[in-house]
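The block underneath contains the structure these notes are about, expressed in structure tokens.
The values are calculated or read from the model by the stated rules, or taken from the named source; none is laboratory data. The structure displayed is predicted, hence computed values, not measured ones. Cβ atoms come from the backbone with ideal geometry, glycine included; neighbour counts cover every protein chain shown.
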Amino acid sequence: MTVKQGQNFLDMVLLGTGSIENAFAMSLLNNKSITDELVVGETIEPTPITNPAVVAIWGKKWQPASALSNANTALIIPAAGIGAMAIEIDFIVS
């Protein structure tokens with residue numbers, strides 16, 4: 001399997017085997033940490049497929065890409081809104 005833009009190791013595990021439970025086996029097979037940043041174009045060898053239905057859903061049309069690198073963490077909007085407010089500090093109850 002070839003790594004595409006925005007994919008991390010766990011995306012590749014899901015794409016190749018259908019189950020995130022195979023992460024450690026694939027990690028050992030590829031001599032990689034599950035937290036390593038992958039390079040676009042890098043080849044990752046999958047372990048045997050354990051959930052063919054999930055592999056079939058992703059297929060070639062949809063590819064998971066959930067990598068978050070230091071370069072794009074600045075794009076994350078800081079916590080705002082009611083979920084980040086504290087009563088009597090940001091959120092005044094009258």
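Selection of the stretch 30-88 for residues being at pLDDT 85 or above, loosely packed, with under 10 Cβ neighbours inside 10 Å and of a type in the set (A, V, I, L, M, F, W, C) yields VAL39, ALA53. How many residues are more than 10 Å from SER19 (Cβ to Cβ) and not in a helix (DSSP H, G or I) if we restrict to the stretch 36-62? Here the count works out to 16. Across the stretch 13-26, the number of residues qualifying as surrounded by fewer than 18 Cβ atoms within 10 Å (Cβ to Cβ) and in contact with a Phe, Trp or Tyr (Cβ under 8 Å, 6 or more places away or on another chain) comes to 1. Scan the stretch 19-26 and give yes if some residue there is assigned to a loop (DSSP other than H, G, I, E, B) and farther than 15 Å from ALA65 by Cα, otherwise no. Within the stretch 19-26, one or more residues are assigned to a loop (DSSP other than H, G, I, E, B) and farther than 15 Å from ALA65 by Cα. Beta carbons closer than 9 Å, at least 6 apart along the sequence or on distinct chains, pair a first residue in the stretch 55-66 that is touching a residue at least 60 places away in the same chain (Cβ under 8 Å) with a second that is surrounded by 15 or more Cβ atoms within 10 Å (Cβ to Cβ) and acidic (Asp, Glu) for ALA65/ASP11; SER66/ASP11. Here the condition is being in contact (Cβ under 8 Å) with a residue 12 or more places away in the chain and in contact with a Phe, Trp or Tyr (Cβ under 7 Å, 6 or more places away or on another chain); of LEU10, LEU38, it holds for LEU38 alone.
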